[in-house]
Amino acid sequence: NYQPLSLSQIRAKYDDRTMYNPGWKYNHWEQKGVPIRIEVGPRDIEKQQVRTVIRSTGEKIDEKIDGLGALLNTKLGTIQVNMLQAARKTRDEHLVQVTEWKDFVPNLEKSNMVLTPWCGGEHQDWEEWVKNKSREESLAEGEEEDAQTATSVAAKTLCIPFTQPDLPKGTKCIASGMDATCWVLWGRSY
């Protein structure tokens, strides 16, 4: 009752390169982000089974070949849900709302994304000011920039979120002191 994985809308790559050992191949595909590795050895063929290895958890399970496509589709759905939940949790734990400059750079230094009141995208001069000032303050606090990469300790705008928190009338932009028109998300490149 074996059916090709392609009938289950699953792309699979058979790595038959003989110049590399299995460990090298496992690492190669893990680095590429392949979510499930399927291992098949001589004993697995005898038993009509495969070993699945989940990249995100390291879980290894022997599975029967019959129904493998449906099983893998279910596993892929579960992996996607779990990884999205973990990413959102990490993002939410590192998202800080700040309304005063004195709190801005210290929160960046904690690897947080910082949501601040902003005077609007038409004020690029103030965006440049934030970039320069945050870099200057971070370097003064002992942060170091990697001279060999483009990574900077300066803040940069990430986006103006579609979903905006309430912005009380009279809230001032964190940089210019003008009336804020929106919230903007800042972060660093790592």
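The values are calculated or read from the model by the stated rules, or taken from the named source; none is laboratory data. Quantities reported herein were computed from a predicted structural model and do not represent experimental measurements. Glycine also receives a Cβ, built like all others from the backbone with ideal geometry; neighbour counts cover every protein chain displayed. SASA here: full protein model, heavy atoms, side chains in, ligands and nucleic acids out. Shrake-Rupley method; radii C 1.70, N 1.55, O 1.52, S 1.80 Å.
For this structure, a couple of remarks:
- Subset of region 12-67 [assigned to a strand (DSSP E or B), more than 28 Å from the chain's Cα centre (by Cα) and among the aliphatic types (A, V, I, L, M)]: Val50
- Top-ranked residue of region 110-119 - restricted to ones that are out of contact with any Lys or Arg (no Cβ under 9 Å at 6 or more places or on another chain) and not aliphatic (A, V, I, L, M), ranked as nearest to Ala180 (Cα to Cα): Trp118
- Among the conditions (1) outside any loop (DSSP other than H, G, I, E, B); (2) of a type in the set (Lys, Arg); (3) open to solvent by 70 Å² or more (accessible area, probe 1.4 Å), Lys75 misses just one, which is (3).
- Which listed residue is hydrophobic (A, V, I, L, M, F, W, C), open to solvent by less than 60 Å² (accessible area, probe 1.4 Å) and at pLDDT below 95, from Val130, Val184, Val98, Val114: Val130
- Within region 1-37, considering residues that are touching a residue at least 40 places away in the same chain (Cβ under 8 Å) and open to solvent by 90 Å² or more (accessible area, probe 1.4 Å), the one farthest from Ile79 (Cα to Cα): Asn1
- Residues that are of a type in the set (Gly, Ala, Ser) and farther than 26 Å from Ala70 by Cβ within region 15-42 comprise just one, Gly23.
- Members of region 78-110 found to be part of a helix (DSSP H, G or I) and hydroxyl-bearing (Ser, Thr, Tyr), listed by number: Thr78, Thr90
- Selection status of Val50, closer than 30 Å to Asp166 by Cβ, among the β-branched types (Val, Ile, Thr) and either touching a helix residue (DSSP H, G or I) at 6+ places or on another chain (Cβ under 7 Å) or open to solvent by 60 Å² or more (accessible area, probe 1.4 Å) (or both): no
- The set of residues in region 78-95 that are open to solvent by less than 80 Å² (accessible area, probe 1.4 Å) and closer than 30 Å to Ile174 by Cα comprises Ala87, Thr90, His94, Leu95.
- Hey, Met178 open to solvent by 40 Å² or more (accessible area, probe 1.4 Å) and under 19 Å from the mean Cα position of the chain (by Cα) or not: no
- Consider region 181-190 and keep the residues that are in a loop (DSSP other than H, G, I, E, B) and within 28 Å of the chain's Cα centre (by Cα). The one that is nearest to Gln97 (Cα to Cα) is Arg188.
- Hey, Glu137 under 22 Å from Thr90 (Cβ atoms), modelled with pLDDT under 95 and surrounded by 15 or more Cβ atoms within 10 Å (Cβ to Cβ) or not: no
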